[in-house]
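For reference, the structure discussed in these notes is given below.
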Amino acid sequence: MKSAVANANAIVLSNETSLSITENNVMPLRPHAPSMHIPPLRDCVQHAVEMYFTHLEDEEVCDLYQMVMREVEKPLLQAVMRATDGNQSKSALYLGLSRGTLRKKLDEYGLL
């Protein structure tokens, strides 16, 4: 699963652009090229999970939700921190988290 979800992250976060993640889309804030198209995050996640099930073979599935959340949370935090130039208060506001919760998550992922 990690490689499948990592591939989805690579699709969404492979360029040097900052991202704006909304309910329906992931939109570039500063794209490299005007014609750049970034698919909706939900499509990338759905594709990654479908690929995971395709490559499972006889392996047992457990804690899929937590596995996906761990794979998605760190690049989300990194993208938001880049978009706010490292401003934790602004990042916390963007994410709908308290600043303390954001700091805890940043520390958890080694991003402080």
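The values are calculated or read from the model by the stated rules, or taken from the named source; none is laboratory data. Because the structure is a prediction, the values reported are computed rather than measured. Cβ sites come from the backbone with ideal geometry, for glycine too, and all protein chains shown count toward neighbours.
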ask   = Could you give every pair whose Cβ atoms fall below 6 Å, whose first residue belongs to segment 100-112 and is of a type in the set (A, V, I, L, M, F, W, C), and whose second residue is loosely packed, with under 12 Cβ neighbours inside 10 Å, counting only separations of at least 6 or pairs across chains?
value = LEU106/LEU112
request  = Sort out which residues of segment 39-88 are of a type in the set (D, E, K, R) and free of Cβ contacts under 8 Å to residues at least 24 places away in the same chain, and write them in order of number.
outcome  = ARG42, ASP43, GLU50, GLU57, ASP58, GLU59, GLU60, ASP63, ARG70, ASP85
request  = Report those helices (runs of 4 or more DSSP H) wholly inside the chain carrying at least 2 residues which are modelled with pLDDT of 90 or more.
outcome  = 41-54, 64-83, 88-95, 99-108
note = Taking segment 46-99 and keeping only residues that are among the acidic types (Asp, Glu) and surrounded by fewer than 17 Cβ atoms within 10 Å (Cβ to Cβ), one is left with GLU50, GLU57, ASP58, GLU59, GLU60, ASP63, GLU73, ASP85
